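Notes to accompany the following structure.
The values are calculated or read from the model by the stated rules, or taken from the named source; none is laboratory data. This is a predicted model, so every value here is computed, not measured. For neighbour counting, all protein chains shown are included, and Cβ atoms are generated from backbone atoms with ideal geometry for every residue, glycine included. Keep in mind that these areas ignore ligands, DNA and RNA; they rest on the heavy atoms of the full protein, side chains included. Shrake-Rupley method; radii C 1.70, N 1.55, O 1.52, S 1.80 Å.
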Amino acid sequence: MPWKGPIQPGDFPSLGYLITDWVEAHCVVPDGFDLGSPFVYSDEQMTFIVNHYRLKTTIEFNPARPLLAPAFKHRRSQLVRAQKWGKNPLIASWACAEGVGPVLFAGWAEGGEVWDCRDHGCGCGWVYEYEPGEPMGMAWPTPLIQITAVSEDSTGNTWDALRPMIEKGPLAEVIPKVGEEFIRLPGQGRIDVVTSSARSRLGQRVTAVSQDETGLWTPETGMVKVAETQRRGLAGMGGRAVETTNAWDPAEGSVAQRTAESSVEDVHRDLREPPTHLSYGNRRERRKIHQFNYAGSPWVDIDAIEAEAAELMESDPAQAERFFGNRIMGAQDAAFDLDRWSSLALPNLVIADRELITVGVDGARFDDALAMIATDVVTGHQWPVGNPSGGVAIWTRPENAGDSYEHPADEADAAMAALFDRYEVWRAYIDPQWIDHLYDRWAGRWGDRIVAWTTHRPKPMAYALRAYRAAMTGGDLSHSGDPLFAKHIGHARRRKAVGVYDEDRRPMWTVSKASPGSPLKIDAAVAGCLSWEARGDAIAAGAKKKQRRAPRRIY
Ligand SMILES: [Zn+2]
């Protein structure tokens with residue numbers, strides 16, 4: 001008999017319903033006033049389990065060669081939730097199920113078959129009767145489970161939930177030894193702890209692995225390799241992994257980030273980010289964010305979360321927004337300080353004709369925006385170069401633009417020509433990636449004053465951005481106060497430049513939009529950075545001949 005089919009549209013077969021019932025019958029609340037009472041999943045926890053154990057619809061059961069991981073739609077799962085949401089007890093219960101519960105596909109029921117605990121060395125009396133067409137479960141013969149985290153503190157959070165969950169309930173009879181370091185399971189199985197400093201069991205042929213707080217698993221900790229080694233071990237055994245984490249710092253290239261951004265489709269990703277219009281810096285809106293994040297965790301006291309978040313906000317607002325706000329791209333990940341940028345505006349400063357300037361150009365041909373930023377070499381004053389006949393300065397694709405929309409190349413061309421007429425342009429640095437039609441045209445006209453500067457090279461870009469940011473911090477730069485330019489500066493988010501380190505071996509960053517599809521453009525920020533880079537090169541080359549003078553305000 002095959003799968004019974006959907007009752008409602010969107011239904012799919014999963015062992016998760018059976019496992020949820022099994023957990024409720026066997027796992028107990030590991031602490032607090034309800035210690036020892038049945039552990040019942042919240043709706044969000046159950047949804048995660050049902051998705052992790054989602055089955056393919058076309059599979060058949062062969063008792064001689066049962067399908068292990070390939071029976072499931074997802075090879076592994078990632079759960080991203082705020083601090084204290086309940087990830088550790090969920091993982092503890094999952095480890096119990098992987099240890100002695102019905103977590104493998106054992107065929108489609110005819111109806112009337114049962115999981116009877118007496119057949120599995122458990123005297124709790126629990127019996128689950130399958131309906132026709134329902135997937136049946138069976139236990140691993142020799143489960144090898146690893147609870148993995150960067151530090152013992154982190155594995156401790158899961159372990160401290162796991163031990164009483166077993167010892168204070170019916171599983172105490174089934175699971176013979178629960179120790180400080182490992183748990184012995186029936187059939188030579190075990191549950192072990194693996195940390196960055198305790199890796200001796202790494203490389204084993206594991207059947208289930210929990211990877212906890214993978215937002216902290218950065219290349220520097222060595223945990224990226226740990227994750228890869230464990231996945232190889234799982235692949236050899238037909239096992240699967242569950243990854244849990246807080247929102248991660250997108251500048252760090254962690255395992256959590258890699259999983260989330262990877263294009264592979266056989267990973268279940270469960271991320272529930274709060275509405276973007278709510279500001280974490282605003283007390284009232286922060287409370288709404290917490291209410292959203294902990295809606296499925298009735299055991300959480302929102303006031304207590306608010307108090308902890310408020311305290312963390314004082315020392316590390318970015319961390320607070322990630323931990324309790326569950327936001328990956330928080331305002332704190334901004335590449336540039338927008339308040340600082342605003343303070344550098346000199347809207348009335350006009351750079352005189354014939355001054356030596358540099359230009360940076362970045363953008364696309366059809367999407368996003370196209371920006372040209374000029375920099376006065378002497379003063380470091382920046383402004384967006386617009387259509388000489390007025391109006392647009394940074395060309396942006398209109399929201400309702402049709403397929404045929406293209407940034408007006410002739411307008412951009414006229415703007416560049418007007419700039420060369422009016423000023424002495426030392427160099428224009430241009431990322432030709434999407435605008436080679438303009439690059440070619442200009443290189444043909446102005447020769448080696450037009451320089452291709454590819455922003456996709458992580459190392460030069462990271463250094464250019466560092467210099468650009470330092471110029472803002474140090475007040476070496478001023479700008480015209482263009483509102484769209486400021487928006488692009490504010491939209492730029494830090495991203496780890498993989499494999500690029502500064503002189504002190506600290507990781508460096510480049511910039512990106514908040515997400516690939518984000519409508520918040522950053523092209524003018526990148527163009528501004530290129531223009532600034534060209535100015536630095538002009539000075540280094542001795543091109544700045546005139547006396548340095550202070551910017552003057554004109555009222
Ligand atoms: Zn039982």
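The mean accessible area for residues of segment 282-357, using a 1.4 Å probe and ignoring ligands and nucleic acids, is 50 Å² per residue. Distance between the C-alpha centers of segment 234-272 and segment 54-101? Whole Å please. Segment 234-272 and segment 54-101 have Cα centres separated by 14 Å. With label points built 7 Å along Cα→Cβ from the Cα atoms of D270 and R232, find their separation and express it in nm. With each label point 7 Å from Cα toward Cβ, the separation is 3.0 nm. With coordinates expressed along the principal axes, the C-alpha atoms belonging to segment 280-394 extend over 68, 33, 19 Å, beginning with the largest. Compared with the direct C-alpha span, the chain from D34 to A452 gains 143.9 nm at full extension, assuming 0.36 nm per residue. Charge tally for C124 (other residues, Cβ to Cβ under 13 Å; Lys, Arg +1; Asp, Glu -1): -4.
Were the residues from Q433 through A304 laid out at 0.36 nm apart, the gain over their Cα-Cα distance would be 41.4 nm.
Given the convex hull over the Cα atoms of segment 112-255, what projected area results after averaging over all orientations, in nm²? Let's see the in-between values first.
Details: hull surface 40.9 nm².
With the hull built on Cα positions only, its mean projection is 10.2 nm².
Here the accessible area is traced with a 1.4 Å probe on the protein chains. For the chain, carbon and sulfur cover 50 percent of it. When cysteine pairs in the chain are screened for C-beta atoms closer than 4.7 angstrom, the residues that find no partner are C27, C96, C124, C529. Counting Lys +1, Arg +1, Asp -1, Glu -1, what net charge surrounds P275 among other residues with beta carbon under 15 Å of its beta carbon? The answer is +3. Note on the chain: the alpha carbon radius of gyration divided by the globular reference 2.2 N^0.38 Å gives 1.20. What's the angle, to the nearest 10 degrees (0 to 90), between helix 223-237's Cα axis and the longest principal axis of the chain? That works out to roughly 40 degrees.
Summing +1 for each Lys or Arg and -1 for each Asp or Glu among the other residues whose beta-carbon sits under 9 angstrom from that of W108 gives -2.
Each label was represented as a point 7 Å from its Cα along the Cα-to-Cβ direction; for E129 and L338 these points are 6.1 nm apart.
Here the gap between R445 and T142, fully extended at 0.36 nm per residue and compared with their Cα-Cα distance, gives a gain of 101.8 nm.
3J(HN,Hα) along segment 79-89: 10, 10, 9, 5, 3, 6, 5, x, 6, 5, x Hz, from the Karplus curve 6.51 cos²θ - 1.76 cosθ + 1.60 with θ = phi - 60°, whole Hz, x for Gly and Pro. Take the convex hull of the alpha carbons in segment 182-283; its mean projected area over all directions comes to 9.0 nm². Applying the Karplus relation 6.51 cos²θ - 1.76 cosθ + 1.60 with θ = phi - 60° to segment 464-476 yields 3J(HN,Hα) values of 4, 5, 4, 5, 5, 5, 5, 5, 5, 4, x, x, 7 Hz, where x marks Gly and Pro. Cross-link pairs exceeding 28 Å between alpha carbons, from the set K87/K288; K56/K521; K87/K177; K459/K487; K87/K521: K56/K521; K87/K521.
Using R0 = 45 Å, the C-beta based FRET efficiency linking E399 and Q188 works out to 0.15.
Counting only heavy atoms of the protein chains, get the accessible area per residue of segment 26-183 (1.4 Å probe) and round it to a whole Å² value. Don't jump to the answer; show the numbers that get you there.
Details: 6560 Å² over 158 residues.
Dividing the accessible area of segment 26-183 by its residue count gives 42 Å².
With the cut-off at 18 Å, report for segment 455-526 the share of all Cα pairs above it, as a whole percent. Don't jump to the answer; show the numbers that get you there.
Working: 1080 of 2556 pairs.
Summing the P(r) of segment 455-526 above 18 Å gives 42 percent of all pairs.
The label point for R505 and the one for E110, both projected 7 Å from the Cα toward the Cβ, are 6.7 nm apart.
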